[in-house]
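Quick notes on the structure that follows.
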Amino acid sequence: MNFTVDTAAESYAEVKGAGRLNMVSAAKLREVVSDVVAGGSNHVVINMAEMDFMDSSGLGALIGCLKIARQAGGDLRIANVQSQVKMVLELTNMNRVLTPYDNVEAAFADV
């Protein structure tokens with residue numbers, strides 16, 4: 001999976017990927033978010049509009065990315081979450097930690 005980063009918004013950086021967030025792509029996501037935060041954007045939105053699958057490795061990657069952002073004084077949020085991913089979040093109760101937002105703009109509307 002390839003990830004793209006958009007830093008056009010003033011208050012956050014958007015990371016977008018397509019496909020399956022699993023063991024194969026999880027490390028790459030952590031690397032991308034780490035680079036974004038190291039580059040000065042500590043508020044990050046993961047746009048999951050084109051991520052149609054997530055397993056436990058993907059969930060672990062999201063939690064790791066959240067930790068990276070929070071240690072830098074920021075936050076990580078997720079948007080455009082597809083039904084299978086939403087189900088994984090709900091079954092693990094991680095939707096309480098990673099609240100899914102309807103769209104990227106809503107994720108950091110309060111910042």
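The values are calculated or read from the model by the stated rules, or taken from the named source; none is laboratory data. Given the structure is predicted, the values throughout are model-derived calculations rather than measurements. Every residue, glycine among them, receives a Cβ derived from its backbone with ideal geometry; neighbour counts consider all protein chains shown.
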Practice task
May I ask you to verify whether residue 47 is of a type in the set (S, T, N, Q) and not in a strand (DSSP E or B)?
Solution key: no
Fill in the blank from the handout: Restricting attention to region 68-111, the residues that are in a loop (DSSP other than H, G, I, E, B) and of a type in the set (Ser, Thr, Tyr) number exactly 2
Exercise for the section: Taking the options 26, 49, name whichever one is touching a residue at least 24 places away in the same chain (Cβ under 8 Å) and surrounded by fewer than 19 Cβ atoms within 10 Å (Cβ to Cβ). Expected result: 49
Exercise for the section: Only one of these is at pLDDT 95 or above and touching a His at 6+ places or on another chain (Cβ under 6 Å): 74, 60, 64. Name it. Expected result: 74
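Conditions tested, residue by residue: (1) polar (S, T, N, Q); (2) touching a Cys at 6+ places or on another chain (Cβ under 6 Å); (3) at positive phi.
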| position | (1), (2), (3) |
| --- | --- |
| 14 | no, no, no |
| 25 | yes, no, no |
| 42 | yes, no, no |
| 50 | no, no, no |
| 70 | no, no, no |
| 80 | yes, no, yes |
| 87 | no, no, no |
Fill in the blank from the handout: The condition of being aliphatic (A, V, I, L, M), free of Cβ contacts under 8 Å to residues at least 40 places away in the same chain and within 14 Å of residue 107 (Cβ to Cβ) holds, among 44, 37, only for 44
Completion exercise
Quick count over region 13-38, residues being within 19 Å of residue 70 (Cα to Cα) and either modelled with pLDDT under 95 or hydrophobic (A, V, I, L, M, F, W, C) (or both), is 10
Handout entry: residue 62 being touching a helix residue (DSSP H, G or I) at 6+ places or on another chain (Cβ under 8 Å) and either part of a loop (DSSP other than H, G, I, E, B) or over 19 Å from residue 11 (Cβ atoms) (or both)
Key = yes
Completion exercise
Exactly one of 58, 17 is within 12 Å of the chain's Cα centre (by Cα), within 16 Å of residue 92 (Cβ to Cβ) and surrounded by 14 or more Cβ atoms within 10 Å (Cβ to Cβ), and that one is 58
Handout entry: Where a residue in region 10-21 is within 20 Å of residue 54 (Cβ to Cβ) and touching a residue at least 40 places away in the same chain (Cβ under 8 Å) and its partner, wherever it lies, is of a type in the set (Asp, Glu) and assigned to a strand (DSSP E or B), with Cβ under 7 Å and at least six apart
Key = 14/6
